[in-house]
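Asker: The structure is given below, and queries will be raised subsequently.
What follows draws every value from the coordinates through simple rules; no lab data is involved. Everything numeric in this text was worked out from a predicted model, so none of it was measured. Reconstructed Cβ throughout: ideal geometry from the backbone, glycine too, with neighbour counts over all protein chains shown.
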Amino acid sequence: MRFTHESLCQRVVFASEAAAGAVAAEIRHLGAQRLMVVAAPAESDLAASVTVGLPVVRWHDEVVMHVPVEVAQRARDVAASARVDAVVCVGGGSTTGLAKALAMSGSPVAGLPIVAVPTTYAGSEATNVWGLTEPGPDGGTKRTGVDGKVLPCSIVYDASLMLTLPPELTVASGFNALAHGVDAMWGPRADPINRLHATEGVRVLAAALPRIVEPSSGPLGRKQVLYWHEQTLYGAYLAAVAFASAGSGMHHKICHVLGGMFNLPHAQTHAVVLPHVLAFNAPNAPEATDRLARAFGSSTALVGLRDLRTRVEAPTALRDYGMPEDGIATAVAPVLAAIPANNPTTVNENNITALLHAAWAGEELR
Ligand code: NAD
C-alpha cells in the first residue's frame, strides 16, 4: 500500500434535541464573546432556538445558493465592522457556504472560527472546501477551492432540526450526501481509509432515507422519525468526511459546472446526475462498485442506487429544474476540463454529451 491520508481536525457533537446547550458549550470552549449568526430567513426560527442566550452582536440572513461573490463581500463587511470573534451558522449548505466565505483566506475576517449547525444533509460542515459564484457570460462560474481556514472548528448535529425539512428536500439532500460517498470511490485522492468512511456512509444513508419518506413506513412516531434523521445525519457526516479526503471526482465536477452555469438547485442536481455517473464509471471501477453493491445490499451498485431512487421518488431529470437543452453543448467543454485525470472511465466529448443528455432528459438507466 502506498498512500498519504490526511484527517481533518474538528469537534463533532451529536446532540439530538439538545443543540442549544451543545452550541453554548462549543462557544465557551472557543471563548468567543461577539458572535455573528448566519441563517437564511427560512432557517431563522431554528437559528433563534439554538442560539438563545449567546452573545450575538450581528444576525445576518442574506444567504444565496452557490454564494455569489457580492453576497460574500457584504457579509464580510458586516463581520469586520462588528468585530465579531466567531460565527454560528444554522442552516443548509448555502448558509454554511456563506460562513466559509467569511473565514476563507483573503477575507478581512479570515480564520474566523465557525460553529456549524446543519439543517440539511449537504455535508459542507465536514469539509475544508469553499465555493463562490462569479457572474459570467454563460450564467455564472462556480469556483471551488480548499482552504483549512474554512473548516468549521465544531459541528453540532441535532436531528430535531431536520423535522421541518420537506420530504422532497430530505430526499434530494440525502442524495447529495450519497453523492459524497459514491464520488469518493474515485476521487483524485481516494484511498482505503476514505473508501471505508464512504462505504459506511452509503450503507447508513441507503437504510435510513426510505424510512423517513416512504409512505409504506406508515406514520412514524416522533421518536422513530428522529432516530432515522439521526442515522441520516451520521451517514451524511461520514460521506462528507470521505469526500473531503478523497477530493472532488467526476460527479462533483459535473454538478459544479451545471449548478454555476444554470443556477440549478444543488441537491436536486446531485440526485439526478449521480446514477448516470455511477453507470458511466461502474464498468471500469469493479472494486468500488463491489463495495457500493454491498453497502446498498444489492446485486450491483447501480441496481441498488436505482432502486433507492425509485423508492424515495428522487428527482430524475435536469430539465425539470430549468436547465435548457442547448445548455448541454455549452457545458461539455468546462465539464471535460474539470474531470480528474484518474477517472475510471476515459471521458470525451461524445460520452459526456450523451451523459448530460441522459441526465437532462431523465433517461431510464440500465
Ligand atoms: P440550501 O442550503 O440552499 O437549502 C435549501 C432550502 O432549504 C433553503 O431555502 C433553506 O433555507 C431551506 N432549509 C434548510 N434547512 C431547512 C430545514 N431544516 N427545514 C426547512 N427548510 C430548510 O441547500 P443545500 O442543498 O443544503 O446546500 C446547497 C449548497 O451547499 C450549494 O451551494 C452547495 O454548493 C453547497 N455545498 C457545499 C459543500 C462543500 O463541501 N463546500 C458540500 C455540499 C454542499
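Asker: Given contacts defined as C-alpha pairs under 8 Å and at least six residues apart, what's the relative contact order of the chain, whole-number percent? Write out the running numbers ahead of the final one.
Answerer: On the way: 728 pairs, mean separation 56.1, N = 366.
Taking the mean separation of contacting Cα pairs over the length of the chain, I get 15 percent.
Asker: While we're looking at this one, here's another question. Which of the lysines could a cross-linker span from residue 149 if the Cα-Cα distance has to be under 30 Å and same-chain partners fewer than 8 positions apart are dropped?
Answerer: Here the lysines satisfying the reach criterion relative to residue 149 are 100, 253.
Asker: Where does each of 154-167, 227-240 land if you order them by average Cβ count within 10 Å, highest first?
Answerer: Numbers: 154-167: 20.2, 227-240: 23.9.
Descending packing order for the listed peptides: 227-240, 154-167.
Asker: Using only Cα atoms, what is the ratio of the radius of gyration of the chain to 2.2 N^0.38 Å?
Answerer: Ratio of Rg to 2.2 N^0.38 Å for the chain: 0.94.
Asker: According to a simple spin-label model (label point 7 Å from Cα along Cα-to-Cβ), what is the distance in nm between residue 134 and residue 319?
Answerer: In this crude spin-label approximation the distance works out to 3.4 nm.
Asker: Set the Förster distance to 41 Å, then compute FRET efficiency between residue 329 and residue 146 from the Cβ-Cβ distance, nearest 0.05.
Answerer: My answer for the efficiency is 0.85.
Asker: A follow-up question, please. From the backbone phi of region 349-364, what are the Karplus-calculated ³J(HN,Hα) couplings (6.51 cos²θ - 1.76 cosθ + 1.60, θ = phi - 60°) in whole Hz, Gly and Pro given as x?
Answerer: Karplus-based 3J(HN,Hα) across region 349-364 equals 4, 5, 6, 6, 4, 5, 5, 5, 5, 4, 6, 5, 7, x, 5, 4 Hz.
Asker: Long-range amide H contacts for residue 12: which residues qualify at under 5 Å (H placed 1.01 Å from N, peptide plane, sequence gap of 5 or more or a different chain)?
Answerer: Amide H to amide H, under 5 Å and 5 or more residues apart or across chains, residue 12 pairs with 155.
Asker: Please list, in order, the residues from region 166-207 whose amide nitrogen is less than 18 Å from a point placed 7 Å along the Cα→Cβ vector of residue 341.
Answerer: So the set is 186-190.
Asker: Can you bin region 26-92 into rounded, prolate or oblate? Criterion: square roots of the alpha carbon gyration tensor eigenvalues sorted a ≥ b ≥ c, rounded for a/c under 1.5, prolate for a/b above b/c, oblate for the rest.
Answerer: Values: a/c = 2.18, a/b = 1.26, b/c = 1.73.
Because a/c hits 1.5 or more and a/b fails to exceed b/c, region 26-92 counts as oblate.
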